[in-house]
Amino acid sequence: MRPIRSAIPALLASAILATSLTGCQFGAPEEETGEIVIGADLELSGAAPQVGKAYQRALELKVEQLNESGALGGRRVRLEVRDNKFDASISATNIGDFTANPAISGIIMGSCNDCAIGAAKTVKSKQVPTIALAPASDVAAPGPDREYMFKLGPNARDNVAAIAAELRTRKVKTVALLHTADRYGTEGAATLASELVGVEEDSTDIPILAKRSVKATDTDVSQAVEALVSEEPEAIIVWTPADQANLAIASLKGEGYKGHVFFDAVAAGDLFIGNSGSAAENTTMVFTQTMVIDDVIATTPAKAASKQWFRDYTARFGGYYGYSSFAADAVQLIVDAAVRAGGGEEPDRRRIRSLLETAETDGLSGPIRMTPENHSGLMPQALSLLVARGGRWRLAG
């Protein structure tokens, strides 16, 4: 398939410039050449191949755009992709190979929480900056133990805050929760329990009537959904990946449930809701505006860049996948830092890490701010409430 040429090189270059690090003039000195090599450890088979393949498509498209833009001068970006099969032991082997390669400027890891957490010690000891796209907070915290590990994507605490605020706005009195029995699902359940009951003196307690967990690999959630519906909550919160969220929608319809339905950001998958059809109508999800950027007026260069990314991704792949923007932003962050750090064929990885730790950019996903205390950079302001209308996600309101 031929490269996308939907934007002239000057426009694409300006879009790339709009998302680069604050204070950075993106472009190497004319005499500097060579490759910026990025390793990618992704779930291309096993438990979550859809997400891993979406990440791979996004990474490859972003690298292609950077190389064709001319913004890098004489340098080019090269991606090395390996499949970890959603297996932490295979991921460890991949990370070991990447960290042993002195040409690697940085590593991007996929959605596997255990893979990213397991890699933290290796990337620190080998001093290779790594950005994980896995959702659990433990991926990038605590800071002293995650010196070379960064995280890009929605955070549980921010997702919960957005959902809790909307529940109170709608005057919902009781909820039930379906979540995955993994690190992120457990974190979500604990954070919701803390946020909904007895946190603020002037806030209304919202009891969680029932919780049910499912394995991340389960292909049937009907029994769990049936148990939650039987408690007659006014709202059900679904804290699962996209495939299981779609299963939950179908089960809720089968149970005749008429209450509010909320999805955590991990449920974001395809723009068009697919098999769920009309059953998903009016459900609410917390996610970034990238998923619905065609509904947003481009009032800033960053939003214009996001709209262009949405168009290019959709033109290339025939649809849009929500998490693609995080992968593209991860590439941008590493490339920006590598260009500023210099180092040629053997990158200065300690310098790249330091630059990542203070990165500030209005990325495709929204505002990203890294600090030494916080290696999970997506700001709460990046999140919006989306609603399912007419078989696709739209901006709420």
- By the Kirkwood definition, with r running over pairs of different Cα atoms, region 113-225 has a hydrodynamic radius in Å of 15.8 Å
- Query: Once a ≥ b ≥ c are taken as the square roots of the eigenvalues of the Cα gyration tensor of region 31-95, is the result rounded (a/c under 1.5), prolate (a/b larger than b/c) or oblate (a/b not larger than b/c)?
  - Reply: oblate
- Three-way shape call for region 66-169 based on the alpha-carbon gyration tensor, with the a/c threshold at 1.5: oblate
- Item | Amide H partners (placed H, <5 Å) of LYS151, local residues excluded | ALA132, SER376, GLY377
- Note on the structure: Quick shape check on region 267-348: root eigenvalues a ≥ b ≥ c of the Cα gyration tensor, a/c under 1.5 is rounded, otherwise prolate if a/b tops b/c, else oblate, and it reads prolate
- Taking Lys and Arg as +1 and Asp and Glu as -1, residues besides PRO301 with C-beta under 14 Å from its C-beta add up to +1
- Message: Please report the accessible area of LYS215 (heavy atoms, 1.4 Å probe, ligands and nucleic acids excluded) in Å², nearest 10.
- Response: 130 Å²
- Task: Would you mind estimating how fast region 238-397 diffuses translationally, via Stokes-Einstein at 4 °C and 1.567 mPa s with the Kirkwood radius over Cα pairs, in µm²/s?
- Result: 75 µm²/s
- Å² of accessible area per residue within the chain, as computed with a 1.4 Å probe and no ligands counted: 41 Å²
- Task: List every residue whose amide H lies under 5 Å from the amide H of GLY269, counting only residues 5 or more places away in sequence or on a different chain, with H placed 1.01 Å from N in the peptide plane.
- Result: GLY322
- Percent of accessible area on region 220-374 owned by carbon and sulfur, 1.4 Å probe? 46 percent
- Protection proxy (average C-beta count within 10 Å per residue), highest first, orders 298-305, 286-293 as 286-293, 298-305
- Note on the structure: Note on the chain, DSSP bridge orientation, antiparallel percent to nearest 5 equals 30 percent
- When you take every Cα atom in region 277-324, what is the radius of gyration, and what is Dmax, the widest Cα pair distance, in Å? 12.1, 37
- Item | Accessible area, probe 1.4 Å, largest first, for residues LEU79, LEU66 | LEU79, LEU66
- Query: Rounded to the nearest whole Å³, what is the per residue volume of the convex hull around the Cα atoms of region 185-326?
  - Reply: 143 Å³
- Query: For THR204 and THR314 in the same chain, what is the full-extension length gain: residue separation times 0.36 nm, less their Cα-Cα distance, in nm?
  - Reply: 35.4 nm
- Message: If you build the convex hull over the alpha carbons only and average its shadow over all orientations, what do you get for the chain? Give it in nm² to one decimal.
- Response: 18.5 nm²
- Note on the structure: Under the Karplus relation with 6.51, -1.76 and 1.60 and θ = phi - 60°, whole-Hz ³J(HN,Hα) for region 366-382, x at Gly and Pro, equal x, x, 10, 9, 9, 9, x, 8, 9, 8, 10, x, 5, 7, x, 5, 6
- Percent relative contact order for the chain, counting Cα pairs under 8 Å at least six residues apart, stands at 19 percent
- Message: At R0 = 45 Å, how high is the FRET efficiency between GLU226 and SER125 if r is their beta carbon distance? Nearest 0.05 is fine.
- Response: 0.40
- Note on the structure: So the FRET efficiency between ASN282 and THR371, C-beta based with R0 = 30 Å and rounded to 0.05, is 0.20
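The values are calculated or read from the model by the stated rules, or taken from the named source; none is laboratory data. Note that the structure is a prediction, hence the values are computed from the model and not measured. Glycine gets a Cβ as well: all are built from the backbone with ideal geometry, and neighbour counts include every protein chain shown. What goes into the accessible areas is simple: the full protein's heavy atoms, side chains included, and nothing from ligands, DNA or RNA. Shrake-Rupley method; radii C 1.70, N 1.55, O 1.52, S 1.80 Å.
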